[in-house]
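Notes follow the structure.
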Amino acid sequence: MGKNHLLSEIGFFKNVSRKTVEHLAASARVTRYDRGKMIYRAKEPVNNICFQLEGKSILYNVTHNGSRKIIFVLGKGELLNDHVLTTHESSLFCEAIEKSLVLEIPAPLFLKEMEEDFALTKSVIASQERKIWRMGHQLKNTRGNIYLEKKLAAKLWKLARDFGKPTDEGIEIDFNMSVTFLADLLGVPRETASRACKALVNLGLIAMHQKRIVIADPDRISQFYKTGGPDRIS
């Protein structure tokens, strides 16, 4: 499949001119990353603008105590860079969490094309605005007075919406999540995340099959994280 076609298949480039797509495709490359491989690292220059073609990646930071805090889980078609307008050091880490194909475009060329094609610039702005919106919802759901089961329920509901597939039991989040991954998602110790998972299982909100999580009823888990205790779940 030609790189022109690959770019055209990404919703990000839907309104970008054909000329711009051709220029970007001519210098783009597709790189394969195995699970656990770094796409870019914090405090290192990022020389490419990266888009997820297959698989999933995470953006995360490292806390002061050395633990990992996952900020975003990104899937097909999404812009992976936290910085676009500069090739200076990134502020986040980007890691593939399953076998992935990533489209990489040299950053200087991408910036040049942004100057020539405002539709490309608008796509960048829209992508980063979505990340800010998502960050706002994360902050709303990570206040100190919201208990951990609600935080986990909110994050799992969001992942099921973005990466869910229907099964007989409900909506399965379509990638593996260990308890350690969930701990990094919540920013808590592994044992604390494990207790929160067990609480949601006991409430009948989720089922866990090895590293796969199934949301039994998205509306029910949504009601739980919005309204509070299990006594309010209908």
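The values are calculated or read from the model by the stated rules, or taken from the named source; none is laboratory data. These numbers were taken from a predicted model, which means no experiment stands behind them. Positions of Cβ are backbone-derived with ideal geometry, glycine not excepted, and every protein chain shown enters the neighbour counts. Heads up: the accessible areas ignore ligands, DNA and RNA and are worked out on the full protein's heavy atoms, side chains in. Shrake-Rupley method; radii C 1.70, N 1.55, O 1.52, S 1.80 Å.
Identify all residues within the stretch 8-37 that are open to solvent by 40 Å² or more (accessible area, probe 1.4 Å), more than 18 Å from L109 (Cα to Cα), outside any loop (DSSP other than H, G, I, E, B) and not acidic (D, E); write none if there are none. G11, R32, listed by residue number. Just one of (1) at pLDDT below 95; (2) within 22 Å of G75 (Cβ to Cβ) fails for F110. It is (1).
Of all residues in the stretch 60-71, those that are touching a residue at least 40 places away in the same chain (Cβ under 8 Å) and farther than 14 Å from K155 by Cβ have Cβ atoms under 9 Å from Cβ atoms of residues that are open to solvent by less than 60 Å² (accessible area, probe 1.4 Å) and small (G, A, S), 6 or more apart or on another chain, in T63/G187; S67/A183; S67/G187; R68/A183; R68/G187.
For the stretch 69-97, filtered to residues that are in a strand (DSSP E or B), charged (D, E, K, R) and open to solvent by less than 60 Å² (accessible area, probe 1.4 Å), the residue that is nearest to E115 (Cα to Cα) is E95. Considering only the stretch 43-54, I want to know if a residue exists there that is at pLDDT 95 or above, open to solvent by 60 Å² or more (accessible area, probe 1.4 Å) and under 17 Å from the mean Cα position of the chain (by Cα). Looking for residues that are at pLDDT 95 or above, open to solvent by 60 Å² or more (accessible area, probe 1.4 Å) and under 17 Å from the mean Cα position of the chain (by Cα), one finds at least one in the stretch 43-54, hence yes. For H64, the conditions (1) outside any helix (DSSP H, G or I); (2) over 20 Å from L185 (Cβ atoms); (3) open to solvent by 60 Å² or more (accessible area, probe 1.4 Å) are fulfilled apart from (2). Scanning the stretch 116-133 for residues that are out of contact with any helix residue (DSSP H, G or I) (no Cβ under 8 Å at 6 or more places or on another chain) and open to solvent by 30 Å² or more (accessible area, probe 1.4 Å) returns F118, K122, I125, A126, Q128, E129, R130, I132, W133. Screening C50 against (1) assigned to a helix (DSSP H, G or I); (2) farther than 21 Å from R161 by Cα; (3) touching a strand residue (DSSP E or B) at 6+ places or on another chain (Cβ under 9 Å) leaves a single unmet condition, (1). Taking the stated definitions as given, is K165 in contact with an Asp or Glu (Cβ under 8 Å, 6 or more places away or on another chain), open to solvent by 40 Å² or more (accessible area, probe 1.4 Å) and either without any contact (Cβ under 8 Å) to a residue 40 or more places away in the chain or closer than 22 Å to G55 by Cβ (or both)? Yes: the conditions hold for K165.
Within the stretch 212-234, identify whether any single residue is within 30 Å of G66 (Cα to Cα), touching a residue at least 12 places away in the same chain (Cβ under 8 Å) and surrounded by fewer than 14 Cβ atoms within 10 Å (Cβ to Cβ), and answer yes or no. No, because not a single residue in the stretch 212-234 is within 30 Å of G66 (Cα to Cα), touching a residue at least 12 places away in the same chain (Cβ under 8 Å) and surrounded by fewer than 14 Cβ atoms within 10 Å (Cβ to Cβ).
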